[in-house]
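A short reminder: the numbers here are calculations on the coordinates, not readings from a lab. In this text the structure is predicted, and so the values were computed from the model without any measurement. Ideal geometry is used to build each Cβ from the backbone, glycine not excepted, and the neighbour counts take in all protein chains shown.
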Amino acid sequence: MSAKTGGWVLARPVCLWPAVGLFALPVQARYGGGLGTADQPYLISTAAQLNAVGSEPGDWDKCFKLMADIDLRDLGSTPFRRIGTPQGGSFAGVFDGNHKAISNLRLYSEDESYLGMFGLVDAAGARIANLTLLDPNVAGDSGRYVAALVGLLNQGTITNCHVKGGRIRGTSFVGGLIARRAGGAAITDCTAAGAVRGSSRVGGLIGANLMGDVTRCQAAGEVWGDASSWSIGGLMGENESAMVVACRASSRVEGNTCVGGLIGKNFAATVSRCRAAGTVQGTTDVGGLIGRSAGGKTIDCYAVAGVTATTSTGGLVGFCGPSCDCEEYIPSFVARSYAAGRVKGVAPGGLVGASLKSSVEASFWDIEATGCAISAGGEGKIASQMYSLTTYLNAGWDFVAESKNGTLDMWYLPGPRDYPRLTWESLLADFRAAGRLDF
């Protein structure tokens, strides 16, 4: 067989006698060792070994473990080979980053889609975990599904994966970590901080999310859409029929329509215990947390992002509307949420910019901080009232150290002149992907 990774290697012709000499010849290990099983995964220690995985579709259902930090500049002029493609088949195995980092991923195509370290992931047992990508640069001029880690995630689990720095550019379905997630995949404890640019369904972490929970994730950096862009968000561009829980974004977000500090468009989905900061700018349906809520639920959330747009501009949600223009629609709903960032536009709303067939309950906006005396929903308060615990307890908010409104302890008040915060914001998490807990 050939001398490439994975074959038997004979350094020179060997006589057939004595026979024991033949059988004593060593077998070259695949990659850096291991058998590709759960107990003995293939070990990856160098850029060349990692790149070899992309040329072996037959191994894409195996288990891998990263054993060292890898700089892909070590490949020189050799292009990086994606793991999982529509042509070669999806990645269906396990890749344990082992709290290591891969730096300087470079991918570019004029017309190809499914760009990312993993182009296509599609198996119920597929799993990518404990991995950090440093300074990735991935660009597709006209293709879809462009991201640093995964282009299209149909099934599988992504846990504790992170992107730090770099630039991602594509047309539609563009994300800092994952371009599009569909089906039953789960994403937890992931972060992205870089620059992401596209035309539609563009997000700092995920371009578009369909039918799967996203939990304890965050994004920071810059997210841009072009002059005719839509569904642009600090965390994700579009979210449909899925739960987004305990997530946050602090980004500079710019686009045209459906632009949000956390989510550009939230369709028939629930956003709970989330927050957004930074700046958000667009034309219409622009909000500090969500640009357009179409039959979505926004519960126990807040936004302190500065928002600038022309129409349907809100401190929390730009436009709250039904899921469809039909008889049996799902109304949008906002409960126990607030906004306290400056809002600018034509007749902007301190909490909600515009509303149709939707409702807002027990929610507030800071009249002084937002600069807005009106809203399409919610109740305006002056700063001193926004700092008062009584304001929220009387509205049924569940706070630490009280049981009348519930025992889940959703909120706490940090100080006498501060707004409420979500309790998870003070909890421990491995945000640095270093294999230990950070504050």
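A convex hull fitted to the Cα coordinates of the range 121-268 yields 76 cubic angstrom per residue.
Please report, in debye to the nearest 20, how large the charge dipole of the range 34-213 is about its Cα centre when each Lys and Arg carries +1 at its beta carbon and each Asp and Glu carries -1 there. Walk me through the numbers on the way to the answer.
Numbers: 16 positive and 16 negative charges, 85 e Å.
In total the dipole reaches around 400 debye.
Can you give the Kirkwood hydrodynamic radius for the range 199-316, in Å, rounded to one decimal and based on Cα pairs? Taking the inverse mean of 1/r over all distinct Cα pairs, the range 199-316 comes out at 12.7 Å. In the range 34-213, taking the dipole from charged Cβ atoms about the Cα centre, the farthest positive-side position among ILE178, GLY203, LEU107 is held by GLY203.
Is it possible to state the helix-based mean residue ellipticity at 222 nm for the chain, with each DSSP H run of 4+ residues giving -39500 (n - 2.57), the sum divided by total residues, to the nearest 500 deg cm²/dmol? What is it? Don't jump to the answer; show the numbers that get you there.
Working: 5 runs with 25 residues, N = 439.
So the calculated ellipticity at 222 nm is -1000 deg cm²/dmol.
Toward the positive end of the charge dipole of the range 264-414, with +1 on the Cβ of Lys and Arg and -1 on the Cβ of Asp and Glu, the farthest Cα among ILE299, GLY287, THR407 is that of GLY287. The relative contact order of the chain, computed from alpha carbon pairs under 8 Å that lie at least 6 residues apart in sequence, is 7 percent. Residue order for VAL400, VAL196, VAL352, fewest other beta carbons within 10 angstrom first, comes to VAL400, VAL352, VAL196.
Among the listed pairs LYS62/LYS100; LYS62/LYS265; LYS65/LYS265, those whose Cα-Cα separation exceeds 26 Å are LYS62/LYS265; LYS65/LYS265. Looking at the calculated P(r) for the range 49-198, what percent of the C-alpha pair distances fall above 22 Å? Considering the range 49-198, 29 percent of its Cα-Cα pairs are separated by more than 22 Å. Could you name the lysines in cross-link range of LYS381, using Cα to Cα under 22 Å and dropping any fewer than eight places away on the same chain? Partners found: LYS344. If one computes the Cα centroid of the range 126-205 and of the range 246-298, what distance in Å separates the two points? A separation of 18 Å, based on Cα centres.
What's the magnitude of the charge dipole for the chain around its Cα centre, counting Lys and Arg as +1 and Asp and Glu as -1 at the beta-carbon? Answer in Debye, nearest 20. Working shown, then result.
On the way: 37 positive and 37 negative charges, 146 e Å.
Here the size comes out at about 700 debye.
Once the convex hull of all Cα atoms in the range 135-181 is built, its volume per residue stands at 49 Å³.
Measuring between their Cα centroids, the range 340-405 and the range 43-94 lie 49 Å from each other.
Evaluating kT/(6 pi eta Rh) at 37 °C and 0.692 mPa s, with the Kirkwood radius of the chain over Cα pairs in the Stokes-Einstein relation, gives 146 µm² s⁻¹.
Rank these for me by crowding, LYS344, LYS62, going from fewest to most other beta carbons within 10 Å. Could you put the intermediate results ahead of the total?
Numbers: LYS344 15, LYS62 22.
Lowest to highest Cβ neighbour count: LYS344, LYS62.
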